Structures are given as structure tokens and as C-alpha cells.
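What follows is a single structure, written as C-alpha cells, with notes after it.
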Amino acid sequence: MKRKASALWRGDLKSGSGQVSTESDVLKDAKYSFATRFENGIGTNPEELIAAAHAGCFTMATSAALGKAGFTAEKLATNATLTLEQVSGNWTITTVDLQMTAKVPGIDANKFAEIAADAKANCPVSRVLNAKISHDAKLEG
């Protein structure tokens with residue numbers, strides 16, 4: 001399986017701008033720039049897209065692991081917070097914090113925590129990132 005995306009950039013780093021697109025056209029010429037990456041400009045940035053991918057991957061991996069254990073979630077909701085900071089003079093993704101809330105009938109908190117931890121460790125996006133990845137998965141009553 002191969003997934004494709006593209007980026008186009010024009011100009012220098014600080015005053016230039018670009019667009020990113022995905023093969024599925026879910027993103028089509030989404031604008032990004034220095035301001036959207038390092039300031040609060042309007043548009044997207046690579047780190048935001050990685051955070052979204054990680055939230056989606058972890059949520060799907062949790063659903064799959066729950067299914068293997070005989071549970072079906074009514075709801076899994078994840079927020080991912082990615083930290084980008086300078087390490088030895090280079091911008092580096094150092095952490096991703098995954099915050100999940102879930103409604104899963106019939107499961108106890110310990111079993112849910114075990115399944116969520118396994119999903120965090122084994123989702124493909126977690127495995128590709130060289131960052132500290134934390135998570136907090138809360139089961140709703």
C-alpha cells in the first residue's frame with residue numbers, strides 16, 4: 001500500500017509560501033508558510049498534519065485492538081498535541097501527547113488502559129516517529 005502527497009513551495013523561507021495536497025484530494029492546495037508553521041498564520045503546517053495523522057491512526061488502532069478483544073466502542077475521540085522545539089540547533093518533533101476519551105460498553109478501566117497502550121505503541125504513525133509519545137486514555141462512564 002502506498003499513499004501519496006505533494007508539496008509546492010515558491011520563494012524564500014520567511015516570505016515564501018506553498019501548498020500541500022493529497023492524492024485523495026482531501027487536501028488540495030492547502031496553504032502553508034513560515035507564518036503558519038512558526039507563528040499563528042492562517043493555513044496548515046507539516047506538524048499539524050502529523051498530529052492529525054497520529055490522532056487518526058491511534059484512534060483506529062485502538063478500535064481494532066478493542067475489536068480483537070471482543071469490544072466495540074460507541075465513541076473514541078482523540079486530540080494530539082505535537083511539540084516542535086529546537087534540539088542542538090535543529091527543529092525537532094520531541095513529543096506527541098495523545099488524549100483519548102472513550103465510551104466502550106462492557107470493558108473495565110484496566111483492560112481499556114492495556115489496549116490503548118498497545119495501540120499507542122503499535123499504530124504505524126507511532127512507529128515512524130522518533131519522538132517521545134505519551135497518551136492518556138480515559139474511559140467514560
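The values are calculated or read from the model by the stated rules, or taken from the named source; none is laboratory data. Predicted, not measured: the structure shown is a model, and the values here were computed from it. Every residue, glycine among them, receives a Cβ derived from its backbone with ideal geometry; neighbour counts consider all protein chains shown. The accessibility values were calculated without ligands, DNA or RNA, using every heavy atom of the protein model including side chains. Shrake-Rupley method; radii C 1.70, N 1.55, O 1.52, S 1.80 Å.
The residues of the chain expose, per residue, 63 Å² of accessible area to a 1.4 Å probe. Over the chain, what is the percentage of antiparallel beta bridges among all DSSP beta bridges, to the nearest 5? Looking only at bridges with both residues in the chain, the antiparallel portion is about 70 percent.
What is the Cα centroid distance between the stretch 55-73 and the stretch 1-54, reported in whole angstrom? Here the two parts' Cα centres lie 29 Å apart.
Per residue, what volume in Å³ does the convex hull of the Cα atoms of the stretch 1-45 enclose?
Enclosed volume per residue, from the Cα hull, is 74 Å³.
Packing around the peptides 75-84, 127-136, taken as the average count of other Cβ atoms within 10 Å per residue, puts them in this order, highest first: 75-84, 127-136.
Mind giving me the FRET efficiency for residue 83 and residue 108? R0 is 35 Å, r the Cβ-Cβ distance, nearest 0.05 is fine.
The value I calculate is 0.65.
In this model, which of 2/68; 28/132; 4/28; 68/103; 4/132; 31/120 are farther than 19 Å apart at the alpha-carbon? Correct reply: 2/68; 28/132; 4/132; 31/120. Across the options 19, 121, 107, the greatest Cα extent toward the positive end of the charge dipole of the chain (unit charges at beta carbon of Lys, Arg, Asp, Glu) belongs to 19.
Can you send over the carbon and sulfur percentage of the accessible area for the stretch 1-119, probe radius 1.4 Å, protein chains only? The nonpolar share, carbon plus sulfur, comes to 53 percent.
Taking every DSSP helix (H) stretch of at least 4 residues in the chain, weighting each as -39,500 (n - 2.57) and dividing the sum by the residue count yields a mean residue ellipticity at 222 nm of -10500 deg cm²/dmol.
From largest to smallest, the equivalent ellipsoid semi-axes obtained for the chain from the alpha-carbon gyration tensor read 33, 17, 13 Å.
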